[in-house]
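The values are calculated or read from the model by the stated rules, or taken from the named source; none is laboratory data. Just so we're clear, the structure is a prediction, and the values are computed from it rather than from any experiment. In this analysis, Cβ positions are derived from the backbone assuming ideal geometry, glycine residues included, and neighbour counts consider all displayed protein chains. Only protein heavy atoms, including side chains, enter the accessible area calculation; ligands, DNA and RNA are left aside. Shrake-Rupley method; radii C 1.70, N 1.55, O 1.52, S 1.80 Å.
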Number of protein chains: 2
Amino acid sequence: MEVYRYEKNPLITPMDVTPHKEGFEVIGAFNAGIASYNGEVIMLLRVAERPISPDPACVLAPVYNVEQRDLTLIELRLDDERYDFSDPRVIRNKTQTGSFQYLTSISYLRIARSRDGHNFTVDADPFLYPSESLETFGIEDPRITQIGDTYYIYYSAVSPVGIGESMVSTTDFVEVTRHGMIFGPDNKDVLIFPEKVNGKYYALHRPTTKSTGNPEMWIAESDNLLYWGNHKHLIGLRAGMWDCGRMGGGCVPIKTERGWLELYHGATPEHRYCMGAVLLDLDDPSKVLARSRNPILEPEAAYEKQGFFGDVVFACGTLVEGDVVKMYYGVADTSMAACELSLLAILDSLETV
Amino acid sequence: MEVYRYEKNPLITPMDVTPHKEGFEVIGAFNAGIASYNGEVIMLLRVAERPISPDPACVLAPVYNVEQRDLTLIELRLDDERYDFSDPRVIRNKTQTGSFQYLTSISYLRIARSRDGHNFTVDADPFLYPSESLETFGIEDPRITQIGDTYYIYYSAVSPVGIGESMVSTTDFVEVTRHGMIFGPDNKDVLIFPEKVNGKYYALHRPTTKSTGNPEMWIAESDNLLYWGNHKHLIGLRAGMWDCGRMGGGCVPIKTERGWLELYHGATPEHRYCMGAVLLDLDDPSKVLARSRNPILEPEAAYEKQGFFGDVVFACGTLVEGDVVKMYYGVADTSMAACELSLLAILDSLETV
């Protein structure tokens, strides 16, 4: 697959973002939702900030306190044997079964804007910040679906009771209406289709199950975007391939003559994240038509291979102009990059399933 | 709490149920949904049947095959070191992270009927049987909400991709309309309120999360019973108490003058399942008013303490007549029993939270 990576990559790095609070450092500006608004490309960044610990023997875990409307910092000693600090993203309690007890950073959403799609400036303030009990560990990995003049923004809401997907909407990227949690925990990587199909809205989603099963892609339907049902399993992991470990929707599905094109991420058990594609039936998106054998994008550039969590390309949005797919993507859980691909080349690369 | 257990308990045991298929034995007739229809008490049993293995060194795991529309039996050797057979309900693959790979039995739904609520006869045939890819490991623990003349029946749908909650409806307990999966995986213990509250339907549900969090009770809303959203965490585990290990909704919420009364199950980490109660605001069921300090029912009778999986009382439905709550409940994952409690006594026992 021919990929044109922008010369200015990475387009945004943590150094381009001022911390929102004293005593914090920005460690990530990545996995942005993408929209076109008022002549600008909007990159709705996930900004991750880490409290700077004055004591090198301690880690500070940030938690949003709903009553105080401010962050509380939990101090944990690195030599405390109850905790596992080996994953830089999370703090695991060895006496508990979950995959984490605290996160090492707090994520929120912040806008970067561009007239040309290459040169971005970052807004001075957060656009959307944790605000309620289901968001106390942060809000992550936004996607944006434009329907008419309304932009629906949905994101992972992380808290001690799990990870679900919550939604807000805006018409001007200033005022925000909250719609609550639209997919209960554990769920991530929701992608709402940009129009109704046969009278129904559709969304891809990615439950993580504890009983049995793998992190795979599901589809649901709705008549108002707020309430979702008729959940169906859509596509699963493929042994020995680039998407054998985990997967989830990536970008808002693109309507093409051949079907709905979903650019999704897949990873190996070693956490190498690539982007691939799946084609869904135009009239019934729960029908899978074709899928990438090989990734359409894989971590190759230095900024994709090295960073806070390396070997990751993770796209949350595209802008499509004719045959050109401008795909904006997070790299190494650190920065934002972009590339261009041919829509026809992606479609032609898919293998019928 | 004063509890009147029926003299005929257990009301239904596996011996009262003929296997639906040659070569199978009924090991459970339990966790029934309850409804009043046409002058009869309907007990919609979860019947669990186990394939009889001709070889004592092997276990047969039943899986519904959608293409063949029949069960396939997977033969597993008890000395196969990849598998863990220590839990009688499931077969775990030690090389995988999930809590099971196969179940040891297949569950489906079957009707028992009674004119007096004490003496039941079991229908000759299954009422609802696994029929699609999300049900290949069986359908479990039904609940029934009557709204007008329609009975909404929802149950855990178990398959290799996880456990979700699916729904059907009927007006005559003969013809069934399917509504698909209403809560995606992992989710169980859904309880739909019997009427709209302030223009919305509500349901309790019980996600099981892998990331962080515990098996606790959530609430969601809907405008058509099929699509659900605005998920909120409702109540959680209480350290050191009878509901410190896991919990979930039990019976369809009962409307009282003081609020919506939900009889729910809680268990210890040692899997001792009791029933307790929580009171929710009449006008906004996402507000918790009061809760049981002590269980209203705990495993004490021999049929509650001993069985396929002992020390379990697990109610899925009640019939309420004036102050009398007739609570039907599964015992020891084996049989069905019933008891009567005073509604006022339950309400008076609750502690304000």
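Observations
- Positions within region B:151-160 being free of Cβ contacts under 8 Å to residues at least 60 places away in the same chain and over 19 Å from residue A:230 (Cβ atoms), in sequence order: B:160
- Looking only at region B:299-313, and only at residues there that are assigned to a loop (DSSP other than H, G, I, E, B) and not small (Gly, Ala, Ser), the one that is farthest from residue B:335 (Cα to Cα): B:300
- Elements of the type strands (runs of 3 or more DSSP E) sitting completely within region B:141-184 and holding at least 3 residues that are in contact with a Phe, Trp or Tyr (Cβ under 6 Å, 6 or more places away or on another chain): these cover B:162-170.
- When restricted to residues that are outside any strand (DSSP E or B), in contact with a strand residue (DSSP E or B) (Cβ under 6 Å, 6 or more places away or on another chain) and not small (Gly, Ala, Ser), region B:282-298 contains 6.
- Region B:179-205, residues that are open to solvent by 10 Å² or more (accessible area, probe 1.4 Å), charged (D, E, K, R) and within 18 Å of the chain's Cα centre (by Cα): B:188
- Only listed residue being facing chain B (nearest Cβ under 7 Å) and either more than 27 Å from residue A:43 (Cβ to Cβ) or not aliphatic (A, V, I, L, M) (or both), chosen from A:186, A:172, A:243: A:186
- Residue match in region B:192-206 (condition: touching a helix residue (DSSP H, G or I) at 6+ places or on another chain (Cβ under 9 Å), small (Gly, Ala, Ser) and on the phi > 0 side of the Ramachandran plot): no
- Test for residue A:42: is it at pLDDT 95 or above and closer than 21 Å to residue A:306 by Cβ: no
- Test: residue in region B:326-335 that is surrounded by fewer than 23 Cβ atoms within 10 Å (Cβ to Cβ), touching a Cys at 6+ places or on another chain (Cβ under 9 Å) and not β-branched (Val, Ile, Thr): yes
- Looking across region A:302-318, the residues that are open to solvent by less than 30 Å² (accessible area, probe 1.4 Å) and touching a strand residue (DSSP E or B) at 6+ places or on another chain (Cβ under 6 Å) come down to A:304, A:312, A:313, A:314, A:315, A:316, A:317, A:318.
- Residues that are touching a residue at least 40 places away in the same chain (Cβ under 8 Å) and of a type outside the set (Ser, Thr, Tyr) number at least 3 in the following strands (runs of 3 or more DSSP E) confined to region B:314-353: B:324-331, B:335-342.
- Yes/no for residue A:163 being away from chain B (no Cβ under 14 Å), hydrophobic (A, V, I, L, M, F, W, C) and either in contact with a Cys (Cβ under 9 Å, 6 or more places away or on another chain) or in contact (Cβ under 8 Å) with a residue 24 or more places away in the chain (or both): no
- Reported count of residues in region B:119-133, each being within 22 Å of residue B:190 (Cβ to Cβ) and either open to solvent by 10 Å² or more (accessible area, probe 1.4 Å) or assigned to a loop (DSSP other than H, G, I, E, B) (or both), is 7.
- Residues that are under 21 Å from residue B:11 (Cα atoms) and either at the interface with another protein chain (Cβ under 9 Å from one of its Cβ atoms) or open to solvent by less than 70 Å² (accessible area, probe 1.4 Å) (or both) within region B:88-118 comprise B:107, B:108, B:109, B:110, B:111, B:112, B:113, B:114, B:117, B:118, listed in sequence order.
- Any hit, region B:140-150, residues being more than 14 Å from chain A (Cβ to nearest Cβ), touching a residue at least 60 places away in the same chain (Cβ under 8 Å) and charged (D, E, K, R): yes
- Answer from B:331, B:353, B:313 - the residue that is within 25 Å of residue B:240 (Cβ to Cβ) and within 22 Å of the chain's Cα centre (by Cα): B:313
- Checked against (1) within 11 Å of chain A (Cβ to nearest Cβ); (2) in contact with a Pro (Cβ under 7 Å, 6 or more places away or on another chain), residue B:260 passes all but condition (1).
- Considering region A:196-233, the residues that are out of contact with any strand residue (DSSP E or B) (no Cβ under 7 Å at 6 or more places or on another chain) and more than 10 Å from chain B (Cβ to nearest Cβ) include one that is nearest to residue B:223 (Cα to Cα), namely A:199.
- Residue in region B:47-61 that is more than 25 Å from the chain's Cα centre (by Cα), of a type in the set (D, E, K, R) and either buried (at least 17 other Cβ atoms within 10 Å of the Cβ) or over 30 Å from residue B:194 (Cα atoms) (or both) present: yes
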